[in-house]
Number of protein chains: 2
Amino acid sequence: MTHSEPALRSQILVIAQRKFIASGYHGLAMREIAEALGVSKAALYYHFKDKEELFLAVLLPYLDSMEGVLDDIAAQPGSSAEHIRRFVSHVLGQLAEERAIIRLGSQEMGQLSAASRKAFGKVYQEKFIGKLKAIVQAGMARGEFRQLDPEIVTWALLGMMYPYFYPAHTGNKALPEETIRIVTSIFLEGIAPPAAR
Amino acid sequence: MTHSEPALRSQILVIAQRKFIASGYHGLAMREIAEALGVSKAALYYHFKDKEELFLAVLLPYLDSMEGVLDDIAAQPGSSAEHIRRFVSHVLGQLAEERAIIRLGSQEMGQLSAASRKAFGKVYQEKFIGKLKAIVQAGMARGEFRQLDPEIVTWALLGMMYPYFYPAHTGNKALPEETIRIVTSIFLEGIAPPAAR
DNA sequence: ACACTTACTTACCGGTCGGTCAGTAAGCGA
DNA sequence: TCGCTTACTGACCGACCGGTAAGTAAGTGT
């Protein structure tokens, strides 16, 4: 195989993701990552120029994959309600450790340099929030959903899933399917037009 | 007046609240608070034994006041829907800087020592989540709401307000009243029983 | 008047932070 | 075999962290 990605780099990303989620940006020291991997701290700086670059290297690929998922969903036939259902099902269906990245990004955005914050905010908006909002708006245009401020509605949907972006949310006795079913149901019934009742 | 609370102590709390919300627990240095007030860092340690105690002194009074608000709401006559409406209205009606404390607590809980985390978690549960859940459950018992897992429903309600716990949520062109109206409407329609449709 | 408390300041501590730099062992194309 | 690149290590740096000890000026009760 020709010059494949060095093994250490991807190992760093795996550990960094897990630890950033658990400890936050300032709460995690570079030393901790190095020790967990049994390498020197300087090895991290060979692969990433600074802590901020490593942090973004954890966040951005997730947004890329989310963009793909949202594009897929929007392109499929079926009602907008079905699109929403698929989205919720996808996000709450994946491992808590995966989806926690969404929280990590919005939570720690303020800790980054102005340049990184702006750049990340743009990607976050374009690849995630904007795409989700488009799905919501399509449903409104079709008359499937009530005509409400799409910004607020989109954030309401995202917010309903937010508690499950915390790994510490251990009190969830309910099965994932049960959670997906209820969250989807509340949201879709909540924005259904009066005609549908 | 006999031995009133020293002025500096409450000033520390005001500044600490603002700065903890903006920077998080690890992101804010004690030095910064002292400098903002024009006093020495050691002065902070005269009023609070360590950083953690100061942090909790910011969080806990808010939970106390929230308990009072929730008890008031639950004690009033009127439908459970009206109780929910009042709760959302109260939280989203107050200043963003105030309600951001809710996020601060759940967000940074993991950074505290095991003892503080446990203690805070208990208060958080008893004075806030538990009281809110009781209101939701009362509505279900009355047949006003659908019979769903009250845990999930409560978190859905809280989650819908979560985006507004971020001061950085600057893209909110909508008026507070508009936001309150839509969030309340989606939630209440979302959990309304089929009979009501 | 004097002892004692309150509310601080100044100076300092050990530890940890993100980050750098010189060196080096291994592999590889010519 | 040589020169160059890749992928690190070990030692170290200044800055900054939370926290403390000693001192002090201004009251306050007796």
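The values are calculated or read from the model by the stated rules, or taken from the named source; none is laboratory data. None of the values given here were measured: they were computed from a predicted structure. Here the Cβ is made from the backbone with ideal geometry for all residues, glycine too, and neighbour counts use every protein chain on show. SASA here: full protein model, heavy atoms, side chains in, ligands and nucleic acids out. Shrake-Rupley method; radii C 1.70, N 1.55, O 1.52, S 1.80 Å.
Overview of values
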read-out	value
Dipole magnitude (debye, nearest 20) for the stretch B:42-156, charges at Cβ of Lys, Arg, Asp, Glu	200
Accessible area of the protein assembly as shown belonging to carbon and sulfur atoms, whole % at 1.4 Å probe	55
Threshold 40 Å², the stretch A:97-125 residues less accessible with all protein chains present than alone (1.4 Å probe)	A:Q107, A:Q111
Cα-based reach from B:K51 at 15 Å (exclusive), listing aspartates and glutamates while leaving out same-chain residues under 8 positions away	B:E32, B:E108
Distances in nm from B:Q76 to the matching label points in the other copies, shortest first (labels 7 Å along Cα to Cβ)	4.3
Shielding by partners - mean other protein chain Cβ count within 10 Å, residues of A:144-153	4
Given charges at beta-carbon only (K, R positive; D, E negative), |dipole| of the stretch A:1-102 in Debye	320
Using a 7 Å Cα-to-Cβ projection, B:A57 label spacings across copies, nm, ascending	4.2
Set of lysines near A:K133 by C-alpha distance (under 25 Å), chain-local residues within fewer than 8 positions excluded	A:K118, A:K122, B:K173
Label distances, nm, A:E97 versus same residue in remaining copies, Cβ-directed 7 Å point	4.1
Mean residue ellipticity (222 nm) of chain B, computed from DSSP H runs ≥ 4 via -39,500 (n - 2.57), nearest 500	-22000 deg cm²/dmol
